[in-house]
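The values are calculated or read from the model by the stated rules, or taken from the named source; none is laboratory data. This structure is a prediction, so every number in the text was calculated from the model and none was measured. Because the Cβ atoms are built from the backbone with ideal geometry, glycine has one as well, and the counts that use them run over all protein chains shown. What goes into the accessible areas is simple: the full protein's heavy atoms, side chains included, and nothing from ligands, DNA or RNA. Shrake-Rupley method; radii C 1.70, N 1.55, O 1.52, S 1.80 Å.
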Number of protein chains: 2
Amino acid sequence: MRALFVSVLACLMACATAQTFQRLGGCPDLGCIFPPDQVDFLAGQFFDIRLEVHSPINGSEARVGEPDPNFSFTISKKGGNAVSATEQDISALVLTLLRRPELTRTDLFAQDAEKPSLVNVTAKAYRRVALYEPGDYEATLTYYGTQKTVANWHVRDLPTKRRAKNVILFIGDGMTTNMITAARLMAHRSINGKYMTKMALDKFPVLGHQMTHSMDSFITDSANSATALYTGHKSTVNALNVYVDSSKDPFDDPKFEIITEIFRRHFPHSGVGIVTTAFLADATPAALTAHTSKRSELDHVISAYYDGGVNNLNWTNWDGPDVVLGTGAENFLQTKDAPRDYYKLFSEKGYNVAWNNTAMQNAPSDEKLLGVFQTSNLALWLDRNIYKENLNNQSNYPDGSDRDATDLPGLKEMTLKAIDVLQERHDDEGWFLMSEAASIDKQMHTLDYDRALGELLELDDTVRATIEKLQSLGQLEDTLILVTADHGHGFDVTGSVDTKYMNAHHDDRDKRRSIGNYRESGLSQYTVDGPDALQYSDGVHFPARWDPRYTLHSGVVAFPDHRENYQVHSEGPRLPADEVKGKKDDFYVSYKDAVTGFLINGTLPVDADQGVHSLTDVPVFAQGPCQELFGGVYNSIDIFFHIAECLGLSETQGRAAESCAAQGVKA
Amino acid sequence: MRALFVSVLACLMACATAQTFQRLGGCPDLGCIFPPDQVDFLAGQFFDIRLEVHSPINGSEARVGEPDPNFSFTISKKGGNAVSATEQDISALVLTLLRRPELTRTDLFAQDAEKPSLVNVTAKAYRRVALYEPGDYEATLTYYGTQKTVANWHVRDLPTKRRAKNVILFIGDGMTTNMITAARLMAHRSINGKYMTKMALDKFPVLGHQMTHSMDSFITDSANSATALYTGHKSTVNALNVYVDSSKDPFDDPKFEIITEIFRRHFPHSGVGIVTTAFLADATPAALTAHTSKRSELDHVISAYYDGGVNNLNWTNWDGPDVVLGTGAENFLQTKDAPRDYYKLFSEKGYNVAWNNTAMQNAPSDEKLLGVFQTSNLALWLDRNIYKENLNNQSNYPDGSDRDATDLPGLKEMTLKAIDVLQERHDDEGWFLMSEAASIDKQMHTLDYDRALGELLELDDTVRATIEKLQSLGQLEDTLILVTADHGHGFDVTGSVDTKYMNAHHDDRDKRRSIGNYRESGLSQYTVDGPDALQYSDGVHFPARWDPRYTLHSGVVAFPDHRENYQVHSEGPRLPADEVKGKKDDFYVSYKDAVTGFLINGTLPVDADQGVHSLTDVPVFAQGPCQELFGGVYNSIDIFFHIAECLGLSETQGRAAESCAAQGVKA
């Protein structure tokens, strides 16, 4: 056994009736196997195994006595022999009791009564194992004498021949088909129902839908969903590339290998790039390098960019990405709480560090590059291009000074630069680039639909420019291009609003008459040319104006208390709800927001100040080698498997030293 | 010229500022050509031409004098010669003034002031022309001496070889990807994020998205969208297979040929079937046979089923469909206002007439069949299968008596029977079947999400059974199967609701705490087996229960005032809003609906008692011959062109007697 890790814990689980009892994700009963039942693996993909045995102290399953320390564990291939894993050394067993009140959805009555459920746990972990032979495996945990928990595992039988040299994965965070339809309406002119121009996305040859739900809840967050896209393993909300166990330690949960780690392990001279409009420690980029059950461990995330996670206990060592472009300077700066100066560290490691667009553009493309352009998230397309005065007085320069960051790249500039760096450095073994339009999600959260759709149009423009760039580099035929999302928001458009009429009336019910549906929706007024129409460069498709008299009647399905006037928030990004003065976690409509609109009371708990993610399957657009794999409807994890297949990363011939051999775990 | 029709009218157009001025759809200026600019044609598809010249009496374009009666019209093929059409006889020109206040979105201030805009019109029509040679045409209307209106027309260059013997087009009315995702969650069990079973839709090899907007408004209704799917021509809300002209007569608008008409014209021994869960005079089935600018002309619709529209002036004569199954008996019965007894007429024409499921099942499959099973829309899947007591006391038996219709088929039974009839009668030349799950839309309108999703699951079950049936008939390889929608509703799911907690609290803001998002959404409770789980036959996937404690937190983006408790409406279909007593068109939350829920004020005009259609692109699932045509993103009209191509209906060699010849209109 290469790695043995023993951990013994106790956790809190929801009590109450059988119907509301909800276990730790992946635990069907008092025994838990991570990875859990029904999981798929890429052949040769590293993963940790963690086993737990629970002994509930209260609740309907309460029992007397400690959780069984003498459990046994076997893995057998269907048709093969079981191999016991418990013959391995178990170095320590300690029983503790730990309150962990945030586990999963707990019963609200029990929460109100402050009666948490308590569970004692024994646990054990095996680090960095792998299964090489495709087929079905059965992992069995036996405890309390005869009780058994079984996990059926499947190693996919994929072709091993590499078909794509490069992969670009665009993620429109929170982007749905509904939003694409709305963005098209705002930016592309149609005559009698025929669009005169198309979105870049509309031209992709292959379309699919992916299901975004997580392992143990049907609404995901971006950490968990990015994990599925990059590793083929669904996990739990807030988790990055681990299954969440009952331990409180955010760094000991059982890991599984990420596409970047596998790619670099198979092709040591390949390149990896990360581009985002979010702060770089945010979940979607973080999931390319970090392993933790808490996405909020921001320093851990930045350190994983820095060294590829070499400090992870017994794990794939790789050197980190070639190019990292985004924002969130606050996580790179040395402070009292953050003793490391990451700018210095990256620089010492050979990265050029760029703090503005000019420096990024001037950075030599044959060297590694870190670009951090401001604190917090990148200023939005609408503010960078239309309402530019909103960039002033932000004190957000990435060096930590109180200057304003105004020389900012957009998603397109960052993505094209990243391609330059990757192509210059890795023309031989190819490269993988993830480029995220993060603020589609962030602006949907705050019901700022104009800004969200501006970000979506910027993504589309970036995709268009990327295809042109790859063509000019001679790389288009060899590059798999994917555009997808990690989850949705329940957004749609249902008509138009006569804002002049709305603004001229005072009664909320009178204002609602300004809304026109069906025939009265009319045609898009965002595309109407005229003296006050905006000027863009040729072939770039954004609205001609953002403030026509007739705007879109847009909304989401779940929202906090807010006011709605359906007009662009030209004064800066929207904040629809405010905390009631003196009352924590109690949000009402903001008195400053959309003042000419009418009031809409919320459909979310009153501690919500913004909208939430939704269930819907999200689209996948594919073009290039292996594009045919991405048609139809499938699980989010299939994106990982298809990319891995296309890059030839399935490894059906194991290396003995670090493998679970064909017939069972060998470690 | 085969047909000449002259019509002179006047119409009302919206006045007010340039920004709010909205013309008759298809009229870019004072001249109108129907079909308008940017229209595509199937080669050989019949259509009418209508020309109008406008003379506004008031508004910003007001002019002195009558509209030009001496306009001229030419059509030229790009690269060919223009041929004048005005040399033809114009038999009469009369100027009248006609108020037509409902034209398009009129300015609300002008409406409030009751200041309509008035326009005089001259008009002329050519009936049943066609273009055979693929390519680009330019139609030019010249009026007032030198003013010109140009319409660019395109005849698609499609392969003429037939590839599919049969086509089944399933329409989930109002169905979106978001709803499919929700239905899957309710009916299919997942373990650790992997579904153990799949929707039939999830197994289709090819997925596409279609844009549903209409010609002159971005939110469509079902008449207009069905028109696009069946003819390749987008039109205006409420129109069935015509462009809406300025005339008030709902039967004189310029027509274009429907897939059913073209199919039967090319293959006289082919079959056509129509199945719907709506009343049969409703738009989606009606659009397979009727031509009118008003979908509310219900008797016209039924008469078009009866005789295929042979009374249409100079039009394709066909004999109507082989099999028509649905409801809406009130439009078949003889009454004071409706002098025709359609049951008798259909029967005399050789149709078996079935009034219940038993009679339908027993009808010989080698004869034509009309099934009308109740008045109004078909009772919903949820009421027919779960809350059966809701079928009582409806007085809806299709013979017009006050008995209850309880021996009802569902969409599956109707569809399978229709296939039997079509296959029995048309094994040689093949058949076309449209099967509509109408009440996905109707129940989304009334915010009855459980019933809507029940209908969607019934559609999915029908698709599954259809594939099995075609397999057993040896027809699967030869049948193109499409499943799509005609438009969306802005629906999504954002979490779960602890209904016990909600019901136990009284304050609206306290009730909102029962909503759980993200991690707290948990797993679907609709699939949990148990003693109170429902029993269905094997392999049929519906929820195991409809009233778990934890329900879905669902919603739409635009709604009337209503109350929401997120619980199944077991007492019968939902009516969320009521008219305020004594106040017409003023709707508030119904005092009887969802009484344990909290109040949500509406985001629609107060005259709305239900939700509205939305903008989103809708999915297209394809399997069978030509499936590859249906991938990616495209316009709704492309569905028609792809079906027509697959059936070999493109006719590039014109028959001289009834054609616009290659170089221009000859008639």
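For (1) open to solvent by less than 10 Å² (accessible area, probe 1.4 Å); (2) in contact with a strand residue (DSSP E or B) (Cβ under 9 Å, 6 or more places away or on another chain); (3) of a type in the set (Val, Ile, Thr), each residue gets a yes or a no:
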| site | (1), (2), (3) |
| --- | --- |
| B:365 | no, no, no |
| B:368 | no, yes, no |
| B:386 | no, no, yes |
| B:393 | no, no, no |
| B:399 | no, no, no |
| B:406 | no, no, yes |
| B:430 | yes, yes, no |
| B:437 | yes, yes, no |
| B:444 | yes, yes, no |
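Taking residue A:144 as the residue in question, decide whether it is more than 8 Å from every other protein chain (Cβ to nearest Cβ) and within 26 Å of the chain's Cα centre (by Cα). So residue A:144 fails the test. If you go through the stretch A:30-50 and keep only what is open to solvent by 10 Å² or more (accessible area, probe 1.4 Å) and more than 13 Å from chain B (Cβ to nearest Cβ), you end up with just A:30. The single condition from (1) surrounded by fewer than 24 Cβ atoms within 10 Å (Cβ to Cβ); (2) under 25 Å from residue B:38 (Cα atoms); (3) in contact with a strand residue (DSSP E or B) (Cβ under 6 Å, 6 or more places away or on another chain) that residue B:245 fails is (1).
Would you confirm, using the coordinates I've provided, whether residue B:528 is of a type in the set (A, V, I, L, M, F, W, C), open to solvent by 50 Å² or more (accessible area, probe 1.4 Å) and more than 7 Å from chain A (Cβ to nearest Cβ)?
On the way: of a type in the set (A, V, I, L, M, F, W, C): yes; open to solvent by 50 Å² or more (accessible area, probe 1.4 Å): yes; more than 7 Å from chain A (Cβ to nearest Cβ): yes.
Against the criterion (of a type in the set (A, V, I, L, M, F, W, C), open to solvent by 50 Å² or more (accessible area, probe 1.4 Å) and more than 7 Å from chain A (Cβ to nearest Cβ)), residue B:528 qualifies.
Does residue B:520 qualify as being within 33 Å of the chain's Cα centre (by Cα) and either open to solvent by 10 Å² or more (accessible area, probe 1.4 Å) or modelled with pLDDT of 95 or more (or both)? Judged against the criteria, residue B:520 is not a match. From the set of residues in the stretch B:540-580 that are among the hydroxyl-bearing types (Ser, Thr, Tyr) and within 14 Å of chain A (Cβ to nearest Cβ), which is nearest to residue A:616 (Cα to Cα)? Selected residue: B:554. Scanning the stretch B:454-461 finds one or more residues that are within 30 Å of residue A:445 (Cβ to Cβ) and within 14 Å of chain A (Cβ to nearest Cβ).
Does the stretch A:579-594 include one or more residues that are β-branched (Val, Ile, Thr) and more than 27 Å from the chain's Cα centre (by Cα)? Please lay out each step first, then the result.
Initial filter on the stretch A:579-594 (β-branched (Val, Ile, Thr)): A:580, A:589.
Still in the list and also more than 27 Å from the chain's Cα centre (by Cα): A:580, A:589.
Yes; the residues of the stretch A:579-594 include at least one that is β-branched (Val, Ile, Thr) and more than 27 Å from the chain's Cα centre (by Cα).
With the structure loaded, tell me whether residue A:206 is touching a Phe, Trp or Tyr at 6+ places or on another chain (Cβ under 8 Å) and farther than 28 Å from residue A:651 by Cα or whether it fails that test. Criteria not met by residue A:206. Among the residues making up the stretch A:492-517, those that are closer than 18 Å to residue B:610 by Cα and either small (Gly, Ala, Ser) or within 31 Å of the chain's Cα centre (by Cα) (or both) are A:492, A:493, A:494, A:495, A:496, A:514, A:516. Selection within the stretch B:209-242: residues that are at the interface with another protein chain (Cβ under 8 Å from one of its Cβ atoms) and in contact with a strand residue (DSSP E or B) (Cβ under 6 Å, 6 or more places away or on another chain). The member of this set that is farthest from residue B:34 (Cα to Cα) is B:209.
From the list A:144, A:137, the lone residue that is in contact (Cβ under 8 Å) with a residue 24 or more places away in the chain and open to solvent by 10 Å² or more (accessible area, probe 1.4 Å) is A:144. Looking across the stretch B:581-627 at every residue that is within 11 Å of another protein chain (Cβ to nearest Cβ), under 26 Å from residue A:562 (Cβ atoms) and among the aliphatic types (A, V, I, L, M), the one that is most open to solvent (accessible area, probe 1.4 Å) is identified as B:599. From the residues in the stretch A:160-208 that are at the interface with chain B (Cβ under 7 Å from one of its Cβ atoms) and part of a loop (DSSP other than H, G, I, E, B), which one is farthest from residue B:204 (Cα to Cα)? Ranking the candidates gives A:192 first.
Residues in the stretch A:261-286 that are in contact with a Gly (Cβ under 8 Å, 6 or more places away or on another chain) and among the hydroxyl-bearing types (Ser, Thr, Tyr): A:270, A:276, A:277. Kindly provide the set of residues from the stretch B:487-524 that are part of a loop (DSSP other than H, G, I, E, B) and within 7 Å of chain A (Cβ to nearest Cβ), ordered by number. If the condition is that a residue be part of a loop (DSSP other than H, G, I, E, B) and within 7 Å of chain A (Cβ to nearest Cβ), then B:490, B:517, B:522, B:523, B:524 are the ones that fit.
Just checking: which of the strands (runs of 3 or more DSSP E) contained wholly in the stretch B:45-158 hold 2 or more residues that are at pLDDT below 90? By residue number, B:47-56, B:117-129.
Is one or more of the residues making up the stretch B:466-474 charged (D, E, K, R), more than 14 Å from every other protein chain (Cβ to nearest Cβ), surrounded by fewer than 22 Cβ atoms within 10 Å (Cβ to Cβ) and assigned to a helix (DSSP H, G or I)?
Looking through the stretch B:466-474, at least one residue is charged (D, E, K, R), more than 14 Å from every other protein chain (Cβ to nearest Cβ), surrounded by fewer than 22 Cβ atoms within 10 Å (Cβ to Cβ) and assigned to a helix (DSSP H, G or I).
Can you tell me which residue within the stretch A:525-572, out of those that are assigned to a loop (DSSP other than H, G, I, E, B) and of a type in the set (Phe, Trp, Tyr), is modelled with the lowest pLDDT?
Looking at residues that are assigned to a loop (DSSP other than H, G, I, E, B) and of a type in the set (Phe, Trp, Tyr), I get A:536.
Using the structure shown, decide if residue B:245 is farther than 29 Å from residue B:462 by Cα, of a type outside the set (Ser, Thr, Tyr) and within 11 Å of chain A (Cβ to nearest Cβ). Even if it seems obvious, please write down each step before you answer.
Numbers: farther than 29 Å from residue B:462 by Cα: yes; of a type outside the set (Ser, Thr, Tyr): yes; within 11 Å of chain A (Cβ to nearest Cβ): no.
Against the criterion (farther than 29 Å from residue B:462 by Cα, of a type outside the set (Ser, Thr, Tyr) and within 11 Å of chain A (Cβ to nearest Cβ)), residue B:245 does not qualify.
For the stretch A:628-656, the tally of residues that are open to solvent by 10 Å² or more (accessible area, probe 1.4 Å), within 10 Å of chain B (Cβ to nearest Cβ), more than 19 Å from residue A:223 (Cβ to Cβ) and assigned to a helix (DSSP H, G or I) stands at 1.
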